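Remarks on the structure that follows.
Please treat every number below as a calculation from the coordinates, not as lab data. All values reported here derive from a predicted model rather than from experimental measurement. Glycine gets a Cβ as well: all are built from the backbone with ideal geometry, and neighbour counts include every protein chain shown.
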Amino acid sequence: DAGVTQSPTHLIKTRGQQVTLRCSPKSGHDTVSWYQQALGQGPQFIFQYYEEEERQRGNFPDRFSGHQFPNYSSELNVNALLLGDSALYLCASSFDESSYEQYFGPGTRLTVT
Amino acid sequence: AQKITQTQPGMFVQEKEAVTLDCTYDTSDQSYGLFWYKQPSSGEMIFLIYQGSYDEQNATEGRYSLNFQKARKSANLVISASQLGDSAMYFCAMREGVNFNKFYFGSGTKLNVKP
């Protein structure tokens, strides 16, 4: 039973560029949430997707957008990258949008230079 | 105001001893959930324990227990019989809101277990 997978593992981008991160949820899960974890801090909630819709959003600008596909996988897109976007991006999946338990993927380490 | 506050940036504990990691939370919701996660240096976030706001008994999972004091809005994690493999970052988190889809993490506590 595959857990949550994320790709790529590491990524280096330049300021102003755009990036897409990908996440496949745990088998049987239909809800995906994305988090940004800056170095030395706790994760910050970006948004949650359920039934291909954004259900809830944290305090992040519109440069951060997402998508969920019919197979429940998800993408996180960040436009006009800033140095401050450098972080570990974590994806978590859950059985449904109200399920309390989330399973996290290993994360994508994004470095913006 | 911070939704989750962890006041201990770092903690040391001797192997085989118990340790308590502090967490306080802020919410006006009646229904919410409290969590603890472990994050080793490899980066993955590992779920440890969950406490629902209506649960009367403190949650326990093996060597982990959650000391839930609702009136004080605290949800401390107790790790009994610490092991070297327990050395990691520990995050307290809370879910609230309709469908529990607002999720907040604290800033974490770095636990070091000494042999």
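Observations on the structure shown:
- Of the residues making up segment B:4-35, those that are of a type in the set (A, V, I, L, M, F, W, C) and touching a Cys at 6+ places or on another chain (Cβ under 9 Å) are B:Ile4, B:Leu21, B:Cys23, B:Leu34, B:Phe35.
- Search result, residues across segment A:12-64 that are among the small types (Gly, Ala, Ser) and either assigned to a loop (DSSP other than H, G, I, E, B) or without any contact (Cβ under 8 Å) to a residue 12 or more places away in the chain (or both): A:Gly16, A:Ser27, A:Gly28, A:Ala38, A:Gly40, A:Gly42, A:Gly58
- Of all residues in segment A:67-107, those being within 14 Å of another protein chain (Cβ to nearest Cβ) and surrounded by fewer than 22 Cβ atoms within 10 Å (Cβ to Cβ) number 11.
- Of all residues in segment B:54-65 being part of a strand (DSSP E or B) and away from chain A (no Cβ under 14 Å), the one that is surrounded by the most Cβ atoms within 10 Å (Cβ to Cβ): B:Ser65
- Looking across segment B:71-95, the residues that are closer than 18 Å to B:Glu15 by Cβ and not in a strand (DSSP E or B) come down to B:Ser80, B:Ala81, B:Ser82, B:Gln83, B:Leu84, B:Gly85, B:Asp86, B:Ser87.
- For the residues B:Phe68, B:Phe103, the requirement of being touching a residue at least 24 places away in the same chain (Cβ under 8 Å) and surrounded by 19 or more Cβ atoms within 10 Å (Cβ to Cβ) singles out B:Phe68.
- Residue in segment B:25-40 that is in contact with a helix residue (DSSP H, G or I) (Cβ under 9 Å, 6 or more places away or on another chain), among the β-branched types (Val, Ile, Thr), away from chain A (no Cβ under 11 Å) and on the phi < 0 side of the Ramachandran plot present: no
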